[in-house]
Amino acid sequence: MSIATALMDQLTQIAQTQRVQRIVAVEVICGEMQQVVPDALHLAFEAVTAETIAAGATLTIVEQALAARCRACGAEFAPQIDDYLCPACGQADVELTAGRDIVLQSVVGETEDEATG
Ligand SMILES: [Zn+2]
């Protein structure tokens with residue numbers, strides 16, 4: 001639920017700065033590390049957006065696998081959660097390059113002009 005709430009906060013801010021009257025579609029990239037359950041997020045999103053400008057908006061969840069780069073040898077690989085050892089040199093000194101965060105990728109909204117027209 002906290003993810004959906006955070007998303008709603010971002011949507012509210014975007015709506016205010018861009019004068020969006022209604023949000024119709026939202027796309028979110030969910031990093032594997034966040035271990036988001038898409039069905040659960042859909043339900044939570046529906047719940048937190050009810051009665052808001054984003055009510056009824058289409059939520060698209062794009063799952064992003066983990067990717068990492070070894071700081072020791074530079075190898076790039078796809079780690080498992082809780083197993084970040086570099087397959088090339090065995091070091092655990094790796095930098096996660098993808099799949100770590102939840103990112104609000106795109107928002108489609110209707111502005112005041114479109115809504116009245
Ligand atoms: Zn390495």
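The values are calculated or read from the model by the stated rules, or taken from the named source; none is laboratory data. From a predicted model like this one, the values you see are computed outputs, not experimental measurements. No Cβ is skipped: glycine too gets one built from the backbone with ideal geometry, and neighbour counts run over all protein chains shown. Just so you know, the surface numbers come from the protein's heavy atoms only, side chains and all, with ligands and any DNA or RNA stripped out. Shrake-Rupley method; radii C 1.70, N 1.55, O 1.52, S 1.80 Å.
Between helix 2-17 and the chain there is an angle of about 50 degrees, using the helix long axis and the longest principal axis of the Cα atoms.
Heavy-atom surface analysis with a 1.4 Å probe gives segment 1-85 a carbon and sulfur content of 48 percent of its accessible area. The simple Förster model, with R0 at 35 Å and r as the Cβ-Cβ distance, assigns Thr17 and Thr97 a FRET efficiency of 0.75.
Count charges around Leu96 for me, please; just the other residues with Cβ under 14 Å from its Cβ, Lys/Arg as +1, Asp/Glu as -1. Value of the local net charge: -4.
Couplings for segment 65-74, taken from phi via the Karplus curve 6.51 cos²θ - 1.76 cosθ + 1.60 with θ = phi - 60°, read 6, 5, 9, 9, 10, 7, 6, 7, 10, x Hz in order; Gly and Pro are left as x. The charge dipole of the chain, taken about its Cα centre with unit charges on the Cβ atoms of Lys, Arg (+1), Asp and Glu (-1) only, comes to about 220 debye.
For the chain, what does the alpha-carbon gyration tensor say about shape, rounded, prolate or oblate, given a ≥ b ≥ c as the root eigenvalues, a/c under 1.5 as rounded, and a/b over b/c as prolate? Verdict is prolate for the chain.
I want the local charge near Ala68. Using Cβ-Cβ distances under 15 Å, sum +1 for each Lys or Arg and -1 for each Asp or Glu among the other residues. Charge balance in the 15 Å sphere: -4. Where both bridge residues fall in the chain, DSSP classifies roughly 70% of the beta bridges as antiparallel. Charging the Cβ of each Asp and Glu at -1 and of each Lys and Arg at +1, and nothing else, the dipole of segment 65-117 about its Cα centre rounds to 500 debye. Rolling a 1.4 Å probe over the protein heavy atoms gives segment 13-117 an accessible area of 62 Å² per residue. Under 10 Å from the Cβ of Ile53, count the other residues' Cβ atoms, weight Lys and Arg +1, Asp and Glu -1, and hand me the total. Taking every Cβ under 10 Å from that of Ile53, the sum is -1.
Phi angles of segment 30-43 translate, via the Karplus equation with coefficients 6.51, -1.76, 1.60 and θ = phi - 60°, into HN-Hα couplings of 10, x, 4, 4, 6, 6, 6, 9, x, 4, 5, 5, 4, 5 Hz per residue; Gly and Pro are given as x.
Given only helices, namely DSSP H runs of n ≥ 4 each adding -39500 (n - 2.57), what is the per-residue ellipticity at 222 nm of the chain, to the nearest 500 deg cm²/dmol?
Value at 222 nm, helices only, nearest 500: -8500 deg cm²/dmol.
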